[in-house]
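A short worksheet on the structure shown next.
The values are calculated or read from the model by the stated rules, or taken from the named source; none is laboratory data. Since the model is a prediction, treat every value here as computed from it, not as a measurement. Note that we place each Cβ from the backbone using ideal geometry, even for glycine, and neighbour counts take in every protein chain shown. Each accessible area value is taken on the protein alone, full model and side chains, heavy atoms only, with ligands, DNA and RNA left out. Shrake-Rupley method; radii C 1.70, N 1.55, O 1.52, S 1.80 Å.
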Amino acid sequence: MTEHDIFVTRPHLPSFEEYTAQIRPLWESQWITNLGALHQQLESALAQRLKVEGLSLFTNGHLALEGALQALDLSGEVITTPFTFASTTHAIVRQGLTPVFCDIKETDGTIDETKIEALITEKTSAILPVHVYGNCCNVKKIEQIAKKYDLKVIYDAAHAFGVELNGRGIGSYGDLSMFSFHATKVFHTIEGGAVCYKDPAFGRVFHHIRDFGIEGEELIAAVGGNAKMNEFQAAMGLCNLRHFEEEVAQRKVLTEEYRRQLKGISGLRMLRQREGTTHNYAYMPVLIEPGRFGMDRDALCAALREHRIFTRKYFYPLVTDFACYREQYAGVQLPVAKRMAERMLALPLYSELRVAEVEGICAVIRECAGQ
Ligand SMILES: *Cc1c(COP(=O)(O)O)cnc(C)c1O
């Protein structure tokens, strides 16, 4: 169908000229990491853009998430979703905590808030939900549960850059929220991430965590690690932030085209967004119901690959089926998550994808649907 391969995503890159102009001053200052001028500039620009009070940059989202868990000084069990990227669960385990998996909702893939309370024990110290595909969790209900049982709430907002709920930045909900700025995310700094918070005291805590606990040349105040964002990453972020609205607008056009073209195909379903949310069009996930669609998800994925269209089974396998976890979680019942993991397929979506390419992808899907 196409002359070239279509991948599931492509990183947004500013023009070469824009990026080199952004990094040119570094050859003067020779300050290329350790919280330089660009780092400071990006930190405040992002706090403003994400409508959050406090924000600390990290070298990647995963270390930001581990830092968030560490900062809250948690112990015991953390209730979380199995329908996510490896990072969410690994962060819990690597911080010496035990993940307790809660099933998700069929409608939008986020944690099923009605099933959280039954999982709370004396050992529970926090809830770690994911705004999966940029779909907002039921933050109100989760906050009520957290209050009632005195639990902390950390959101994995890796997919939710720029998303707002009822006029508030999604990162302003919960005790802490983590964003990822990895190259595959809708906004990126090559590798990068951040933690957002309301309580300004966290600024110092995260500074310790990401920079060896160094407060001054002769004052090492805490046992911190190294998770600093460098100036070349920050420069990429400053460039990409200038083009973020454009990026979202183009993705919106493509998403609407997908929705138009895929409408009415029996056995193909799209997820719903919570009311009152603005979307970032980070992903184009579709659910394939075997039996009603002409083939199952894996066969559709393979058929698209024959046409050099590369989709992604996002998320498959389910975290609880990972080789490193499956023994421990063999008995856990997560029927909705399991079903979703077997049916979800993320279609190609990036700003440079052409409308004609979306049409071509949808034509193959319709053919596979056999309707
Ligand atoms: C990308 C991602 C992360 C990790 O972010 P990195 O910046 O790649 O370390 C965590 N959780 C989810 C859901 C993600 O998609």
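Quick notes on this structure:
- Rounded to the nearest 5, the antiparallel percentage of DSSP beta bridges internal to the chain is 60%.
- Cross-link reach is defined here as a Cα-Cα straight distance under 20 Å, omitting same-chain residues fewer than 8 places apart; for Lys123 the aspartates and glutamates meeting it are Glu66, Asp73, Glu77, Asp103, Glu113, Glu143, Asp150, Asp175.
- Shown here for segment 311-371: trypsin sites (Lys or Arg not before Pro) in loop regions (DSSP other than H, G, I, E, B) with at most 16 other Cβ atoms within 10 Å, namely Lys313, Arg326, Arg354.
- Summing Cβ point charges (Lys, Arg +1; Asp, Glu -1) relative to the Cα centre of the chain gives a dipole of roughly 1040 debye.
- Cα-based equivalent ellipsoid, the chain: semi-axes from gyration tensor eigenvalues, Å: 34, 28, 17
- What the chain shows is 45 Å² of accessible area per residue, with the surface traced by a 1.4 Å probe over protein heavy atoms.
- Each of Asn166, Tyr197, Leu268 was placed along the dipole of the chain (beta-carbon charges, centred on the mean Cα), and the one lying farthest toward the positive end is Leu268.
- Comparing Glu275, Glu43, Glu359 in a Gaussian network model of the chain where C-alpha atoms under 10 Å apart are linked, the largest mean-square fluctuation is found at Glu275.
- Mean Cβ neighbour count within 10 Å, used as a protection proxy, ranking 214-221, 257-264 highest first: 257-264, 214-221
- Using a probe radius of 1.4 angstrom, the carbon and sulfur fraction of the accessible surface of segment 1-138 is 53%.
- Across the options Phe187, Ala369, Ile220, the greatest Cα extent toward the positive end of the charge dipole of the chain (unit charges at beta carbon of Lys, Arg, Asp, Glu) belongs to Ala369.
- Span from the segment 129-186 Cα centroid across to the segment 292-323 one, whole angstrom: 27 Å
- The string of couplings for segment 112-128 from the Karplus curve (6.51, -1.76, 1.60, θ = phi - 60°) is 7, 4, 6, 9, 6, 4, 5, 9, 6, 10, 5, 8, 5, 10, 7, 10, 10 Hz, one whole number per residue in order, with x for Gly and Pro.
- Springs between Cα atoms under 10 Å define the GNM used for the chain, and in it the highest mean-square fluctuation of Gly61, Gly224, Gly192 occurs at Gly224.
- Amide H within-cut-off set for Met284, under 5 Å, with H built and near neighbours excluded: Leu347
- Counting only Cβ charges, +1 for Lys and Arg and -1 for Asp and Glu, the dipole size of segment 87-222 around its Cα centre is about 260 debye.
- Its Cα centre serving as origin, segment 1-122 has a Cβ charge dipole (Lys and Arg +1, Asp and Glu -1) of approximately 340 debye.
- Binning all Cα-Cα separations of segment 182-340 at 10 Å, short to long from zero, yields these whole-percent fractions: 8, 21, 28, 26, 13, 4, 1.
- Part-to-part distance (alpha-carbon centres) for segment 219-256 and segment 89-111, which is given in Å: 25 Å
- Note on Lys263: lysines with a C-alpha under 28 Å away, same-chain residues under 8 apart excluded, are Lys105, Lys185, Lys252, Lys313, Lys338.
- Karplus-derived HN-Hα couplings along segment 265-275 (A = 6.51, B = -1.76, C = 1.60, θ = phi - 60°), whole Hz, x at Gly and Pro: 6, 6, x, 10, 10, 10, 7, 9, 9, 4, 5
- Per-residue packing, averaged as other Cβ atoms within 10 Å, sorts the ranges 105-116, 23-34 into the order 105-116, 23-34, beginning with the highest.
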